[in-house]
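Contents: one structure, followed by commentary.
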Amino acid sequence: MQSRAAHWLGLPALALLTLFVFIPLVSVLRFAVLDWSPTGSSYVGFANFHRLLNDPQLVSSLKITLFFALMTLPSFLWLSRSIALAIEGTPPERLIKVLLFMPSLITIAGSSIAWYLLYQPDFGFIYELTGFALPWSSTPWAALVYVVMFTLWQSVGYGVLVVSAALKGVPESAKEAARIDGATENQIRHFIVSPLLRPTLAFLSIIGGILSIQSYTAVFLLTKGGPFGSSSVIGYYLYETSFKFFQLGYGATITILILIITLIVAALQARVLGLGMARGQDFS
Amino acid sequence: MIIFYRIITALFCFFVALPILWLCYAAFMPQDAILYLDMTDIGFSLNNFVEAHKSGIWRALGISLFVSSVTVAGQLIFGLMAAYAIRQGLPVLWPILLALALPSELLMVPLYREFQILKMLDTLQVMIIPFLASPLIIFLLLQAIRRIPQSILDSARLDGASEIRILWQVVAPLLRPEMLAAGILAFAAHWNLVLFPKVMVSNENFRTVQIFLNDLVANRPLDWGVLAAASLIATLPLVVLYLVFEKRIITVFETSFKG
């Protein structure tokens with residue numbers, strides 16, 4: 001028995017989402033045809049879109065975002081899975097989970113300070129200790145690696161929690177049956193546990209994909225997109241264009257591009273989450 | 001093979017712990033020891049905390065605590081209502097999943113214009129009202145609400161309870177662990193916003209703790225001890241929150257991702 005009387009309870013949330021997600025989502029189309037700065041705006045037709053198609057910095061941001069995702073995602077999944085398997089059922093399991101989850105709790109600007117104090121090339125602790133100047137601020141590729149490492153440092157704890165939760169869901173009877181049939185622990189991991197982890201890893205990779213598109217906060221705190229724009233991921237490029245150079249009309253156009261990319265990833269996400277929910281209902 | 005995984009785990013734990021330990025250590029180091037990096041002079045000093053205290057961090061911390069708590073409280077109330085409505089057949093799951101993928105920082109350009117019109121720029125409200133409906137919380141609570149057997153709701157209804165009463169007196173108590181876990185995740189997400197407050201709020205009096213720390217690095221890049229002490233102070237609320245509720249958070253994770 002479902003109750004229609006309860007439907008109005010959804011109203012406040014829907015009104016808020018309409019006002020602050022769906023209306024901006026539509027109105028961004030209107031701003032994209034303007035040359036718009038905080039002082040005024042004028043209609044420029046498709047000039048912004050034309051610029052979008054001929055913007056080498058945009059292309060380079062997209063490439064950097066892709067590199068970032070290609071470096072972050074596989075290592076994120078691999079580390080989450082390996083660590084969850086390694087600690088499963090061992091005495092320090094809980095302690096390790098608490099430790100690995102800690103970075104996502106440290107105030108993010110505080111985390112970036114911790115990294116700054118440790119790894120800053122000119123006077124960070126590592127430099128003072130070893131005299132080796134870390135290449136983050138001089139070598140273009142290294143800055144991006146630095147952001148990747150920071151992101152892994154921050155998020156692997158979450159991945160371990162999720163994989164570990166899925167591991168606890170692997171039925172003991174399946175492993176027991178394999179053991180009786182003479183399978184080794186490695187074989188059990190390979191043929192029984194790993195296939196059962198696949199949906200979880202798919203879920204994590206979609207989450208990670210979306211996080212990659214949104215990796216601008218770490219970039220802002222750690223490298224400000226530098227050196228020479230080499231770590232300027234697409235989200236950061238959007239921020240700089242819109243709120244540092246105040247080209248808001250062009251910013252709106254870039255927003256549209258990022259929205260299209262995000263929605264493609266989100267469509268995948270909805271499918272995976274949808275599958276997960278269907279499964280959840282079967283169990284209840 | 002498992003040995004290899006364990007080695008990786010140990011290395012990664014070291015990698016995770018190092019910046020945290022260094023932060024704690026630097027916060028208590030005497031100013032001179034940092035300046036000349038004389039490791040033999042391992043002193044203990046609270047001077048950095050005194051300096052951080054003078055820098056005005058408490059105000060920023062208070063602002064952050066206020067906006068994040070009010071936001072999460074609202075998110076839980078509206079999220080619970082929306083999740084219940086969806087469970088009762090309101091067909092709005094798709095728009096919510098869509099909103100889940102669109103964080104407000106992605107929509108900052110159109111939102112900036114909207115806040116201009118609504119005269120919300122440079123106010124405290126701008127850090128609260130746009131976040132009051134959280135698709136993530138709605139989604140997590142919906143997962144949990146689906147596990148409540150229909151018979152419980154039906155029997156409350158047969159007893160003549162109104163929908164609002166069922167929600168507050170039957171559903172909400174059953175969802176307490178999930179609300180707690182979702183609330184803490186949402187608190188951390190809101191607490192850690194950086195670009196959004198940076199763009200929407202320029203009034204120094206309304207600086208959140210993130211913006212405060214970011215400005216502190218820019219203004220005093222060499223004051224390691226003060227930077228570290230300020231970071232530790234800013235981190236305290238979340239860590240306390242997590243350590244108090246750690247067990248329940250992990251349990252909720254395990255039930256929502258099992259199978």
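The values are calculated or read from the model by the stated rules, or taken from the named source; none is laboratory data. Please read all numbers here as calculations on a predicted model, not as lab measurements. All Cβ positions, even for glycine, are placed from backbone atoms using ideal geometry, and neighbour counts span all protein chains on display.
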Of the residues A:235, A:209, A:159, which single one is more than 25 Å from residue B:12 (Cα to Cα) and crowded, with 18+ Cβ neighbours inside 10 Å?
A:235
From the set of residues in the range B:187-197 that are within 8 Å of chain A (Cβ to nearest Cβ) and part of a helix (DSSP H, G or I), which is nearest to residue B:240 (Cα to Cα)?
B:188
Restricting the range A:165-197 to residues that are within 22 Å of residue B:4 (Cβ to Cβ) and touching a Phe, Trp or Tyr at 6+ places or on another chain (Cβ under 9 Å), which is surrounded by the most Cβ atoms within 10 Å (Cβ to Cβ)?
A:166
Quick check, is residue A:140 more than 9 Å from every other protein chain (Cβ to nearest Cβ) and of a type outside the set (S, T, N, Q)?
yes
Given (1) small (Gly, Ala, Ser); (2) touching a residue at least 60 places away in the same chain (Cβ under 8 Å); (3) farther than 27 Å from residue B:6 by Cα, where does residue A:80 come up short, assuming only one miss?
(3)
Residue list for the range A:224-246, restricted to those being more than 10 Å from chain B (Cβ to nearest Cβ) and of a type in the set (S, T, N, Q):
A:230, A:231, A:232
Which listed residue is closer than 20 Å to residue B:188 by Cα, free of Cβ contacts under 8 Å to residues at least 24 places away in the same chain and aliphatic (A, V, I, L, M), from B:99, B:73, B:60, B:85
B:73
Condition first: part of a helix (DSSP H, G or I) and either at pLDDT 90 or above or of a type in the set (D, E, K, R) (or both). Can you find one or more residues in the range A:31-44 that meet it?
no
Among the residues of the range A:67-80, are any outside any helix (DSSP H, G or I) and among the polar types (S, T, N, Q)?
no
Testing residue B:144 on (1) crowded, with 21+ Cβ neighbours inside 10 Å; (2) closer than 30 Å to residue A:237 by Cα, one condition comes back false. Which one is that?
(2)
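Okay, residues lined up against (1) at the interface with chain A (Cβ under 8 Å from one of its Cβ atoms); (2) touching a helix residue (DSSP H, G or I) at 6+ places or on another chain (Cβ under 7 Å); (3) assigned to a loop (DSSP other than H, G, I, E, B):
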site: B:71; (1), (2), (3): no, yes, no
site: B:74; (1), (2), (3): no, no, no
site: B:80; (1), (2), (3): no, yes, no
site: B:106; (1), (2), (3): yes, yes, yes
site: B:111; (1), (2), (3): yes, yes, no
site: B:119; (1), (2), (3): no, no, yes
site: B:136; (1), (2), (3): no, yes, no
site: B:151; (1), (2), (3): no, no, no
site: B:167; (1), (2), (3): yes, yes, no
Kindly indicate the residue of the range A:248-263 that is in contact with a Ser or Thr (Cβ under 7 Å, 6 or more places away or on another chain) and aliphatic (A, V, I, L, M) and also farthest from the other protein chains (Cβ to nearest Cβ) among those meeting that condition.
A:254
Touching a strand residue (DSSP E or B) at 6+ places or on another chain (Cβ under 8 Å) and either surrounded by fewer than 17 Cβ atoms within 10 Å (Cβ to Cβ) or within 14 Å of chain B (Cβ to nearest Cβ) (or both): does that describe residue A:41?
yes
Quick check: anything in the range A:59-81 of a type in the set (Lys, Arg), under 29 Å from residue A:161 (Cβ atoms), more than 8 Å from every other protein chain (Cβ to nearest Cβ) and crowded, with 19+ Cβ neighbours inside 10 Å?
yes
Does residue B:91 qualify as being surrounded by 21 or more Cβ atoms within 10 Å (Cβ to Cβ) and either assigned to a helix (DSSP H, G or I) or more than 7 Å from every other protein chain (Cβ to nearest Cβ) (or both)?
no
Note on the range A:175-192: residues within 12 Å of chain B (Cβ to nearest Cβ) and assigned to a helix (DSSP H, G or I) are A:185, A:186, A:187, A:188, A:189, A:190
Going residue by residue through the range A:44-61, is there one that turns out to be of a type in the set (Gly, Ala, Ser) and at positive phi?
yes
Failed criterion for residue A:27 (all others in (1) hydroxyl-bearing (Ser, Thr, Tyr); (2) modelled with pLDDT of 85 or more; (3) over 13 Å from residue B:113 (Cβ atoms) hold):
(3)
The residue from A:55, A:35 that alone is of a type in the set (Asp, Glu) and free of Cβ contacts under 8 Å to residues at least 40 places away in the same chain is A:55
